[in-house]
Amino acid sequence: MRTQRPQRDPRTIHYAIDLINEYGTDLFGFDAEQRTLSLDIEKIREAEGKDDGLSKMVAEEPDKAMYNIQCAVEEHPDLDIDDERGVDIVAVKNAPKRTVGDVKAEDFQTARNLTVDITELSSQYAQLMLADFQCLYCNHKTRMVQDPMTDEIDEPHHCPNDDCGRSNFGQIPIQHADSQSAIVQDLPEASLNPQEMEARFFGEDVNQFDAGDRVHLTVIVRTQSDDKSSREYPILEVLHAEKEEEKASVELEEDEIESFEETADEEDMLELLLESYAPHLEGEEIKAAREGMLLTLFSGDLGVSDGVRDTIHTAHIGDPSTGKSDLLEEARKVAPHHAFASGLNASKAGVSAGLERQSKLESEDWTLKAGTMVRANDGVALIDELDKLGDSAVRSLYDPLARQTVKIDKIISKELKANPATAIASNPKNERFNLDNPIGEQLNYPPALLSRFDLIFTVLDSNEADELKADAMTQKFMAVSTDGSGFETPFTNEEMRKIIYYARNNYQPTITSEAAEYLKGKWTELRDSMEAQAGVSIDTRQYESLLTIALTYARIRLSEEAEIQDAERAWNITRKSFSDINRFGDNDTFDVTMLYAGESTSQAERREDVLSKIRELDEGENTYANEELVADALSEKYEADEVKAEIELLKEKGKVFPMSGELKVSDQSQ
Ligand SMILES: [Zn+2]
């Protein structure tokens, strides 16, 4: 609901004209050519030299202030604005700051500044701004301004013609505005429970942004209500929007930087960070997993060649209550930029990106929703309870994990950047691990997904884990009683966030030839033994992964060079990850091959089955191949989801491609 149309206020107009005479039209950001004004509340306040003048009116009564400033410029005798077009206010800057969660009734109808992430975005539409209503009996026309923040049309109650007074009208649209609706959300860094709200963009701000973008908004907080309800809900009318390119922004003082550098020179930064990260999780089982989380947090943007992924993905799979979720929770407190999802309530679009009709925007149209992987771009994506995520949502993770993008090619065609370092946590299929079975059989999702992860940690519930649970309970109790961490740690969460930000933005280490040789030697040994034992050849991804991990260890030490110690650490943690996988089952068939070659013997067999079935259907008379038909044809041997996941992988590897709705096998697979 809008307040009444703004009224002319001669006092305000005179005052604004006086300000123009004294400070020039620059004070209101006047652009004579475009006939636009760009108001900066801070600038007006400085000129006035007081807090309760026109600057306050722009913030607290923006409709009145904006209308009368427009009048002042239009009516100023020296400015010579004599046509009907007048001037437009295109921006208001430096309004009081709020978060979505902070917006209260006292903010209704005021101008406010918010920094938010766009999580959903509708397509562009034309919003009715002005319409005539023609009486169906006497043809009398009534012109009415429409509220662009509601979807209902504002009609006259009765024909204003005294002799008529009836209430049936024909509607004649006079003016529309380009418009776009969005759901915006508080930054995950600002709140563990980010709030959402609808916002509407108009005019120049339409089609300027993507779902997943971070934007600074100046808005007027409008309200919406159902006709008969006494409740009103805030909705944001965007006056001005600017994209924030740097999502992770942390303020660093010079002396803080000096102290980090000094600490890194004198002590083992990794050990200090390990002692500071989730200190309540104790025990050897969780220690390596914690180190993996630090690698994920410090990875990315290493300045390596194009096409090489330089983020470190870690997977934490384990028995319930072993602290996996806590490891992810802790990352939410220290990551300079992150996005979080839980498999319990995330959809496919919620974790990657996609079009959704069942949108919060209640529109019939599709809206583009940016999920965790897109919103975490250039930061860290955290997905808890991966095992609870649906199949299509899990499949939608393949692309961003391996290729750093999400493609949408249904209705609209779009490619969104999705390049976060990713950490997932999940439980085994039957809640508890069985050491006698291969790990691949104990997952709720295709094991091939794990081949996208650089480091995989399995955490078993043992006596040690019981102690750990007790520690976690103590920590929760102490957090209440000591109003803080309860643990003495070398770094606070805030310091950790600063160190991660500083290291990621200032260190792109190179590797010494000695360290590179060491890793190459380890990788060659691995490759040879794999070929001898399992008959599979491992791809170079594993080597790239070792290099990335070594470079990240160097970055953690605030070092320009990855040296032999970093290479050794990289090899040790990778070996730990291998042994975490290999402790299951008879360990020389499925698990090892899955990790090193990206697939196991049984997967290789399935892939061959799928490929030959596609070929058979494609080449047969009166038959053709698509996902459903191939799954049907192989239904006696495989689950439909397995077949479809396999087809996705084959498409990704370029071995199968879609053409006019049919699947074809490419030449290289013949
Ligand atoms: Zn009438």
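The values are calculated or read from the model by the stated rules, or taken from the named source; none is laboratory data. In this text, all values refer to a predicted model and were calculated from it rather than measured experimentally. We place every Cβ from the backbone using ideal geometry, glycine too, and count neighbours over all the protein chains shown.
A few notes on this one:
- Out of 248, 241, sole residue that is part of a loop (DSSP other than H, G, I, E, B), crowded, with 17+ Cβ neighbours inside 10 Å, of a type in the set (A, V, I, L, M) and in contact with a helix residue (DSSP H, G or I) (Cβ under 9 Å, 6 or more places away or on another chain): 248
- Unmet criterion (only one of (1) in contact with a helix residue (DSSP H, G or I) (Cβ under 8 Å, 6 or more places away or on another chain); (2) outside the structural domain of residue 289 (by TED's automatic domain parsing); (3) at pLDDT 90 or above; (4) surrounded by 14 or more Cβ atoms within 10 Å (Cβ to Cβ)) for residue 502: (2)
- Any chance residue 377 is polar (S, T, N, Q) and touching an Asp or Glu at 6+ places or on another chain (Cβ under 6 Å): no
- Residue in segment 160-171 that is among the acidic types (Asp, Glu), within 30 Å of residue 57 (Cα to Cα) and not assigned by TED's automatic domain parsing to the domain that holds residue 67 present: no
- Only a single criterion out of (1) at pLDDT below 90; (2) within 16 Å of the ligand (Cβ to nearest atom); (3) assigned to a strand (DSSP E or B); (4) of a type outside the set (Ser, Thr, Tyr) is not satisfied by residue 91, namely (2).
- Of all residues in segment 649-670, those that are modelled with pLDDT of 85 or more and not in a strand (DSSP E or B) total 0.
- Of the residues making up segment 555-577, those that are more than 17 Å from residue 294 (Cα to Cα) and touching a helix residue (DSSP H, G or I) at 6+ places or on another chain (Cβ under 7 Å) are 561, 563, 564.
- Listed by position, the strands (runs of 3 or more DSSP E) contained in segment 128-218 that have at least 2 residues being within 16 Å of the ligand (Cβ to nearest atom) and out of contact with any Lys or Arg (no Cβ under 7 Å at 6 or more places or on another chain) are 141-145, 169-186.
- Sole residue being more than 38 Å from the chain's Cα centre (by Cα), at pLDDT 90 or above and of a type outside the set (A, V, I, L, M), chosen from 31, 52, 82: 52
- Members of segment 283-317 that are without any contact (Cβ under 8 Å) to a residue 40 or more places away in the chain and charged (D, E, K, R): 287, 290, 306
- When 186, 102 are screened for being in contact with a Ser or Thr (Cβ under 9 Å, 6 or more places away or on another chain) and within 30 Å of residue 372 (Cα to Cα), only 186 passes.
- Filtered residues of segment 355-383 (kept if at pLDDT 80 or above and part of a strand (DSSP E or B)): 367, 368, 369, 370, 380, 381, 382, 383
- Residues located in segment 10-41, provided they are in a strand (DSSP E or B) and without any contact (Cβ under 8 Å) to a residue 40 or more places away in the chain: 31
- Residue within segment 520-536 that is crowded, with 20+ Cβ neighbours inside 10 Å and in contact (Cβ under 8 Å) with a residue 40 or more places away in the chain present: no
- Residues (assigned to a loop (DSSP other than H, G, I, E, B) and surrounded by 11 or more Cβ atoms within 10 Å (Cβ to Cβ)) located in segment 613-632: 623, 624, 625, 626
- Some residue of segment 111-125 being more than 30 Å from residue 347 (Cα to Cα) and either more than 27 Å from the chain's Cα centre (by Cα) or of a type in the set (Asp, Glu) (or both): no
- Residue in segment 165-184 that is in contact with a helix residue (DSSP H, G or I) (Cβ under 6 Å, 6 or more places away or on another chain) and over 18 Å from residue 129 (Cα atoms) present: no
- Pairs meeting the criteria (first residue in segment 136-163 and of a type in the set (A, V, I, L, M, F, W, C), second residue in a loop (DSSP other than H, G, I, E, B), beta carbons under 6 Å, at least 6 apart or on different chains) are 136/168; 138/161; 138/164; 144/154; 159/140; 159/165; 159/166.
- Residues that are hydroxyl-bearing (Ser, Thr, Tyr) and modelled with pLDDT under 90 within segment 482-499 comprise 482, 485, 489, listed in sequence order.
- Residue pairs whose Cβ atoms lie under 9 Å apart, separated by 6 or more positions or on different chains, with the first residue in segment 166-181 and of a type in the set (D, E, K, R) and the second within 16 Å of the ligand (Cβ to nearest atom), are 166/135; 166/136; 166/137; 166/138; 166/158; 166/159.
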